[in-house]
Amino acid sequence: MKKYLTKANAFIFFRSHDIGFFIHFVILVFLGCSMLVSNKVVFSTTSLDKLDRSGIISCAPGSLLNESFDPAIEEVLTNDNRQPAGEIHNGVYYIKLEIREGNWYPESKEGAPVKIRAFAETGKPLQVPGPLIRVPEGTEIRATITNHIQGQAQELYGFYSRTSAPGGLNDSIIIAPGETKEVIFNAGVAGTYFYAVKDTAGKRGGITPYIKNQLYGALIVDSKNEIPDPDERIIMIGACATKLDSGLYAIQFVMNGLSWPYTERLRYRQGQKVRWRVINANPLVHPMHLHGFPFIVNSLGSIHRDSVVAKKDERLVVTQTLAESRTMRITWIPEKEGNWLFHCHLVDHVLPLTFLRKMETMDHTNTNLNAHAMDAMGGLVMGIHIIADKKFAQKTIKYPVAERNLTLVIGETKDYSGNSSGKGFQLWENARLNGAVGQGRATSNEFSIPGPLLVLTRNQPVAIKIVNTLKEPTSLHWHGLEIESYYDGVPGWGNAGKKLAPLIQPGDSFTVHLKPPRAGTFMYHTHMHDLQLLQGLYGPLIVLNPGETYRPERDKIFLHSQGGDGLSMPKAFSFEVLNSFGMSKWLLNGSDTNAPLTLKKGQTYRFRLINIAAHRGTIISIKHAGQLSSWKLIAKDGMSLRKDQQITTASTLVVSPGETYDFEFTPANSGDYNYEVFITKTDNKIKLAQLIRVRDQT
């Protein structure tokens with residue numbers, strides 16, 4: 001009998017003289033499972049880093065899955081995309097692939113596997129993602145693909161030559177059950193691509209798989225004169241759905257085949273240039289956010305083609321949205337040591353929920369700091385460790401400026417935009433209560449949602465004391481600001497040496513020390529992956545250059561969020577139900593019924609757009625007399641654009657959660673304008689609207 005075992009990623013054959021060993025092995029398995037069942041295992045950050053997932057023994061699963069566990073099916077291994085598959089002979093690349101069924105463990109093996117279809121090289125274990133195809137530009141590829149799935153043909157995409165011209169959109173290969181097909185093509189233009197089998201079980205019409213199907217793999221074409229960086233990482237984002245009795249889909253979100261806290265930990269040195277290729281191989285949109293450091297998007301593409309961003313057009317961002325079957329190549333330099341995160345900014349894609357293993361209900365009143373980072377996040381999260389490098393000379397400028405002292409008080413508030421209670425803020429400076437500076441909806445007990453506008457100055461040190469009067473712990477993340485890991489706002493993960501960033505417990509406080517390195521539009525928000533964001537724990541943050549003054553009559557903040565009555569944590573997800581958290585609704589600056597905004601004709605205003613919604617992006621436009629109005633893009637994610645990069649356009653704008661945009665808007669005509677927010681281009685229903693009344697200057 002031949003089985004694929006994870007231990008050595010190789011075949012192990014059971015022969016007659018191995019029976020004694022096998023009996024001892026079975027006994028050890030039984031004892032090991034008994035110990036796991038009788039003892040609750042809690043992994044710390046250190047133990048997770050040293051965890052050898054291949055050595056964890058799979059016990060009898062207990063989960064939400066209806067299907068029975070079939071131990072006779074081979075195990076699917078996870079692929080970190082470090083080693084290319086196939087072989088090159090005389091300049092021709094050869095690869096033999098098979099499509100088979102297997103048991104996949106996107107978490108630890110203490111939970112249930114998911115029975116999926118996946119790719120493997122012939123004679124080797126199944127993998128998620130599929131085997132990495134990586135060849136130089138212009139290489140001839142000869143691939144054979146065998147379909148071992150009984151009774152179901154497979155529709156394969158991605159095995160065709162990439163060109164800069166349109167085409168390839170309909171180049172699919174149908175492989176019947178039991179059939180083997182050979183495909184010969186030239187790799188084509190250099191870029192970041194992938195191959196995939198289209199789902200036929202779901203209603204969505206995209207190429208990327210998700211219904212019990214992880215049939216996708218990276219296809220990288222290197223430039224002819226390019227020497228691949230051995231440290232470059234290829235990260236594939238996947239989603240696997242299993243239908244439950246309720247009719248909803250339980251979804252496992254993964255990065256290179258694993259969900260947090262089991263995703264790979266990436267390690268870099270201070271000052272090291274980091275190169276990533278990120279591929280979204282599932283049918284959902286993911287705004288990907290990097291903590292601590294801005295990154296440069298070098299190319300944006302899809303399964304079909306790639307587009308290199310010209311050097312003159314490159315810009316720094318902290319969040320980049322990847323739609324279905326989209327790809328990006330990015331570079332960044334870690335300037336600060338410590339622990340950081342790269343994750344999707346949609347709350348329902350990073351929830352601490354699982355349908356594969358037993359998990360206690362998240363209760364903030366008994367949350368343990370050591371287990372918080374591991375147990376209070378899930379899904380599309382990847383951890384990064386930056387190691388100090390003495391040779392890296394970080395440029396610091398000392399200013400003889402005293403540290404400014406602010407206090408943010410977090411507390412319960414009632415009448416949250418006409419709904420039930422929420423969670424808001426008070427802002428104090430030098431022991432005096434500040435008003436909301438025109439932002440946020442102040443309530444009778446002086447807490448506001450969103451939180452009061454924080455106006456800071458570039459390179460001026462500030463100490464912000466966060467006081468928690470809630471009945472549960474919380475945290476605050478300073479989104480887009482380059483600060484120290486310990487103050488970044490991820491409890492149990494951010495660090496200063498061996499000291500971990502704390503949970504701010506009820507009745508306790510924590511002081512954050514920061515010195516904003518750049519001027520721009522940012523935000524602060526809770527980093528608890530639960531309902532706190534929908535309940536109001538977020539606010540706008542503006543950093544000005546030294547000598548500048550905030551002018552509310554010219555600076556207009558449009559902060560998009562979600563909240564409302566009947567909020568609940570989802571236990572599953574439905575593609576047909578867009579609202580995953582109950583009866584949440586769209587809010588603009590904390591309200592869904594904003595008073596008209598009055599502007600002056602011919603006057604230039606700075607519109608600061610901030611999206612901190614929980615689970616949907618937005619499409620924004622400004623219209624006058626039914627026609628789109630022009631505005632000039634001047635900044636993204638707090639990063640100012642050069643003059644030659646600034647764009648004047650009369651078009652709609654997609655703003656995803658975790659993104660900020662700055663525009664200059666000069667109304668050319670008097671009359672009524674409408675700031676409108678939609679969810680999709682095909683959906684004509686306005687989710688939010690702000691009336692802008694433009695008057696002649698007097």
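The values are calculated or read from the model by the stated rules, or taken from the named source; none is laboratory data. Quantities reported herein were computed from a predicted structural model and do not represent experimental measurements. Quick reminder, even Gly has a Cβ in these numbers, built from the backbone with ideal geometry, and neighbours come from all protein chains shown. What goes into the accessible areas is simple: the full protein's heavy atoms, side chains included, and nothing from ligands, DNA or RNA. Shrake-Rupley method; radii C 1.70, N 1.55, O 1.52, S 1.80 Å.
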Quiz item: Out of all the residues in the stretch 230-255, which are surrounded by fewer than 15 Cβ atoms within 10 Å (Cβ to Cβ) and either among the β-branched types (Val, Ile, Thr) or more than 24 Å from the chain's Cα centre (by Cα) (or both)?
Solution: 230, 245, 246, 247
Practice problem: May I ask you to say which residue of 261, 294 is closer than 29 Å to residue 521 by Cβ and of a type outside the set (Phe, Trp, Tyr)? | Solution: 294
Quiz item: If you go through the stretch 642-676 one residue at a time, how many are at pLDDT 95 or above, open to solvent by 10 Å² or more (accessible area, probe 1.4 Å) and within 28 Å of residue 344 (Cβ to Cβ)?
Solution: 1
Exercise. Hey, can you tell me all the residues within the stretch 265-309 that are more than 17 Å from the chain's Cα centre (by Cα) and among the aromatic types (Phe, Trp, Tyr)?
Key: 268
Exercise. Pick out the one residue from 388, 376, 323 that is at pLDDT below 95 and under 30 Å from residue 456 (Cα atoms).
Key: 388
Practice problem: Being part of a strand (DSSP E or B), under 20 Å from the mean Cα position of the chain (by Cα) and within 25 Å of residue 457 (Cβ to Cβ) is the filter here, so list the residues in the stretch 640-668 that pass it. | Solution: 660, 661
Quiz item: Which of the following residues is surrounded by fewer than 16 Cβ atoms within 10 Å (Cβ to Cβ), of a type outside the set (A, V, I, L, M) and under 26 Å from residue 327 (Cα atoms): 122, 180, 163?
Solution: 163
Quiz item: residue 685 versus (1) open to solvent by 20 Å² or more (accessible area, probe 1.4 Å); (2) touching a residue at least 12 places away in the same chain (Cβ under 8 Å); (3) outside any strand (DSSP E or B): which is the lone unmet condition?
Solution: (2)
Practice problem: Say whether the condition of being hydrophobic (A, V, I, L, M, F, W, C), open to solvent by 10 Å² or more (accessible area, probe 1.4 Å), at positive phi and part of a loop (DSSP other than H, G, I, E, B) is met by at least one residue in the stretch 617-633. | Solution: yes
Quiz prompt | When residues of the stretch 512-544 are limited to those that are part of a strand (DSSP E or B) and hydroxyl-bearing (Ser, Thr, Tyr), the one surrounded by the fewest Cβ atoms within 10 Å (Cβ to Cβ) | solution = 521
Quiz prompt | Restricting the stretch 454-467 to residues that are closer than 28 Å to residue 385 by Cβ and not hydrophobic (A, V, I, L, M, F, W, C), the residue that is surrounded by the fewest Cβ atoms within 10 Å (Cβ to Cβ) | solution = 461
Exercise. Return yes when residue 599 is under 24 Å from the mean Cα position of the chain (by Cα), in contact (Cβ under 8 Å) with a residue 60 or more places away in the chain and assigned to a strand (DSSP E or B) and no when it is not.
Key: no
Quiz prompt | Single residue of 106, 131 found to be touching a Gly at 6+ places or on another chain (Cβ under 6 Å) and either modelled with pLDDT of 90 or more or assigned to a strand (DSSP E or B) (or both) | solution = 131
Quiz item: Restricting the stretch 482-499 to residues that are farther than 21 Å from residue 542 by Cα and either among the β-branched types (Val, Ile, Thr) or not in a loop (DSSP other than H, G, I, E, B) (or both), which is least open to solvent (accessible area, probe 1.4 Å)?
Solution: 490
Quiz prompt | Those residues of the stretch 318-334 which are open to solvent by less than 10 Å² (accessible area, probe 1.4 Å) and either more than 15 Å from the chain's Cα centre (by Cα) or more than 23 Å from residue 653 (Cβ to Cβ) (or both), in sequence order | solution = 332, 334
Self-check item: Conditions (1) surrounded by 12 or more Cβ atoms within 10 Å (Cβ to Cβ); (2) under 27 Å from residue 290 (Cβ atoms): number failed by residue 693
Solution: (2)
Practice problem: Restricting attention to the stretch 507-533, report how many residues are in contact (Cβ under 8 Å) with a residue 40 or more places away in the chain, out of contact with any helix residue (DSSP H, G or I) (no Cβ under 8 Å at 6 or more places or on another chain) and not β-branched (Val, Ile, Thr). | Solution: 16
Practice problem: Report whether or not residue 502 is over 25 Å from the mean Cα position of the chain (by Cα) and either open to solvent by 10 Å² or more (accessible area, probe 1.4 Å) or within 20 Å of residue 543 (Cβ to Cβ) (or both). | Solution: no
Quiz item: In the stretch 256-309, what residues are of a type in the set (Gly, Ala, Ser), part of a loop (DSSP other than H, G, I, E, B) and either without any contact (Cβ under 8 Å) to a residue 60 or more places away in the chain or crowded, with 17+ Cβ neighbours inside 10 Å (or both)?
Solution: 257, 259, 281, 292
Quiz item: Tally time: how many residues in the stretch 468-481 are surrounded by 21 or more Cβ atoms within 10 Å (Cβ to Cβ) and over 21 Å from the mean Cα position of the chain (by Cα)?
Solution: 2
Quiz item: Pairs, please: C-beta under 6 Å, at least 6 apart or cross-chain, first residue open to solvent by 10 Å² or more (accessible area, probe 1.4 Å) and in the stretch 102-115, second small (Gly, Ala, Ser)?
Solution: 107/259; 109/58
Self-check item: Number of the exception - residue 337 against (1) modelled with pLDDT of 80 or more; (2) open to solvent by 40 Å² or more (accessible area, probe 1.4 Å); (3) within 23 Å of residue 536 (Cα to Cα)
Solution: (3)
Quiz item: Quick one: residue 315 ticks every box in (1) touching a strand residue (DSSP E or B) at 6+ places or on another chain (Cβ under 7 Å); (2) crowded, with 19+ Cβ neighbours inside 10 Å bar one, so which box is it?
Solution: (2)
